[in-house]
1. Using a 7 Å offset from the Cα along the Cα-to-Cβ direction at both residue 53 and residue 125, what is the distance between the two label points in nm, to one decimal?
2. Net charge around residue 165, counting only other residues with Cβ within less than 12 Å of its Cβ (Lys, Arg = +1; Asp, Glu = -1)?
3. Quick one: grab the alpha carbon gyration tensor of the stretch 93-216, order the square roots of its eigenvalues as a ≥ b ≥ c, and give me rounded if a/c is under 1.5, else prolate or oblate depending on whether a/b is larger than b/c.
4. Working with all protein chains in place, sort 53, 105 by solvent-accessible area computed with a 1.4 Å probe, largest first.
5. What does the C-alpha gyration tensor say about the overall shape of the stretch 240-301? Classify as rounded when a/c is under 1.5, otherwise prolate if a/b is larger than b/c, or oblate.
6. Check the straight Cα-Cα distances from residue 50 and name the aspartates and glutamates below 17 Å, setting aside those fewer than 8 residues away within the same chain.
7. Rg and Dmax in Å for the stretch 139-196, alpha carbons only: what are they?
8. Over the heavy atoms of residue 213, what accessible area does a 1.4 Å probe trace out, to the nearest 10 Å²?
Amino acid sequence: MAVGAVLATGGLATSGGASAAPAAGSSDVERWVVPQTQQSGDYWTAARMKAAKPGDTLVADNVASAASTHSAPVAVGPKKSVAKQSPTLKARPVPALAPVSHIGKVFFTLGGANYVCSGNAISAANENTVVTAGHCLNEGPGAFASRFTFVPAYNNGAAPYGQWEATELYAPTQWASGGDINYDTGFAIVASPTGTSLSDTVGASGASFNNSRGLTYSAYGYPAAAPFNGATLQSCYGTATDDPYGQTQSQGIPCNMTGGSSGGPWFIGSGTSGYQNSVNSFGYSGVKNTMFGPYWGSVIQSTYVAAAA
């Protein structure tokens, strides 16, 4: 598969060690080398994948706490509500799609519970890098996930390219140590189950950073909360607008995907051939049919550079 071009600048940042620590050369990046005992092995059976919880519940507290200093009543997640409705965007229908080789589901364990998110293979020098939401690999703030596994082109339980387990996890320090929703993006280096790199096996998307706001995006993911069941890939399309509450730098697009789609890629333009420029991050219960994604600026770029080396 062809590998997309990369729009990344700056020096490479790497570090050694077997515990979470700032990546060398950047105080904005934390790296976790996953111990062998916390890698997935044969853990992710079809039954465990099916039973995994949508990962959107892991981000609710971060957005709710961010809202505490603002007068607008906001909340995240299906169990939360708000006192009044905010202006909403009209969402286009979300069709069921054929699987895309480099987009897949992410399975992981945090706090003793199993979760599911979405992710994408992204172009990298190491050819084995996956990008997802920060809350899909780190508690924000808190521990990194164990048993993190990427299943590209997942479709109705089928895993045509196998399971790719993470050996290293990266997140912006602002997320891993502060839980700042503005930086809700994370990267995983995965090990090949076949000996062939991820990029050579499924392809990879180019990455773009520090772009203009208000671009038009195509977003993808595997929503698992009702009315979806997480079995197939879904997508949304629309022009990004600013957070209506002004409490984050994240942008929202028209989208009715639900939990489980967290971490799925946002591509600039129409379809999956554009550069990736964000991920599915969160939604406000008071802003219907809108998915928010973090602005990919210099901090997230630094995290990508560290992971992709």
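The values are calculated or read from the model by the stated rules, or taken from the named source; none is laboratory data. Since this is a predicted model, take the numbers as computed values, not measurements. No Cβ is skipped: glycine too gets one built from the backbone with ideal geometry, and neighbour counts run over all protein chains shown. Surface accessibility is based on the protein's heavy atoms, side chains included, excluding ligands, DNA and RNA. Shrake-Rupley method; radii C 1.70, N 1.55, O 1.52, S 1.80 Å.
1. 3.9
2. Working: positive: 147; negative: 42, 168.
Here the charged neighbours net out to -1.
3. Values: a/c = 1.42, a/b = 1.19, b/c = 1.20.
Here the stretch 93-216 falls in the rounded category.
4. On the way: 53 105, 105 10 Å².
Largest to smallest exposure gives the sequence 53, 105.
5. Values: a/c = 1.74, a/b = 1.21, b/c = 1.43.
Taking the square roots of the gyration eigenvalues as a ≥ b ≥ c, the stretch 240-301 is oblate.
6. 42
7. 13.7, 37
8. Only protein atoms counted, so the area is about 90 Å².
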